[in-house]
1. Just for helices (runs of 4 or more DSSP H) wholly inside region 1-96: which have at least 1 residues that are modelled with pLDDT under 85?
2. Answer with yes or no whether residue 164 is modelled with pLDDT of 85 or more, of a type outside the set (A, V, I, L, M) and more than 30 Å from residue 80 (Cβ to Cβ).
3. I'd like to know if region 111-121 contains one or more residues that are closer than 30 Å to residue 174 by Cα and at pLDDT below 60.
4. List the pairs whose first member sits in region 86-97 and is of a type in the set (Lys, Arg), whose second member is part of a helix (DSSP H, G or I), and whose Cβ atoms are under 6 Å apart, counting only residues at least 6 apart or on separate chains?
5. Tell me, please, whether a residue that is outside the structural domain of residue 44 (by TED's automatic domain parsing) and either at pLDDT 65 or above or within 30 Å of residue 55 (Cα to Cα) (or both) can be found in region 133-153.
6. Only one of (1) part of a helix (DSSP H, G or I); (2) of a type in the set (D, E, K, R); (3) over 14 Å from residue 73 (Cα atoms) fails for residue 118. Which number is that?
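The values are calculated or read from the model by the stated rules, or taken from the named source; none is laboratory data. Keep in mind that this is a model prediction, so the values were computed, not measured. When we count neighbours, we look across all protein chains shown, and the Cβ atoms used for this are built from the backbone with ideal geometry, even at glycine.
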Amino acid sequence: MAKKNREPAFVRIERGLQPMARLVPKITGATFRRRGFAETRILTDWPLIIGERLAPHCVPEKLVFRGKQRDGGILHLRVHAPLAIEFQHLEPRIIERINTFFGYSAVIGLRLIQGMVKGHPPTPPPPDDIPQIDEDHDQLKTGPKTGPKTEDKEEDSLEAALLRLGKAVQLDAQKTEKQP
C-alpha cells in the first residue's frame, strides 16, 4: 500500500494587515537568540519584570548560559552609573523577580555594566543658588534663598562662616593662578 501524501493541496496565504505582535518574534528571534535571549519576553516585558521604578535606569544587554543549558544564566545589565550600587544591593531581589516571571531558575547572577541607558533623562543643570564671586568688589554674593527664613542665630552664623570660607577658597585659588 502506498503512502498517501498528507500535505494539503493548497496553502492558505494570509493577506492584509496582521498584528505586529505576531510578526515581531519571527523577525527578531534570530537576533535575540544570538544575544542569549531565547526568551524575548525579558526584553519586551522588562518594565513588568523589574518594576516601573527601576526599569528606566537599566536595560538587559545579553543573557549568557553555560554550554547548551537554558537555566542558570548570567544576565548582563546596563545600568545608569550613579545607581550601580543600588542595583548591586538589589541583585537578589532582581534575580528573584526574573525567575518568578519565567517560572524557572533562568538567571543565577547579574553582571552590571555601568553606562548611559537610552531614554534616561539627562542630568539636571546645577541650581541657581550657588554662590558667585563679585569680580568688582571681591565679595561673595549668593543667589536667591530657597529655604524658609529662620530667626535661628546659630544657623545665621553658620551661613556667614560658610560664606567666609567660600570667599577665602576663591581668593586663594585666584592667588595661585596669578603666581608664575
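1. 20-34, 41-44
2. When the stated conditions are applied, residue 164 passes them.
3. So far as region 111-121 goes, no, none of its residues is closer than 30 Å to residue 174 by Cα and at pLDDT below 60.
4. That search, which allows pairs on different chains as well, returns 97/49.
5. For region 133-153, residues outside the structural domain of residue 44 (by TED's automatic domain parsing) and either at pLDDT 65 or above or within 30 Å of residue 55 (Cα to Cα) (or both): absent.
6. Result: residue 118 passes all but (1).
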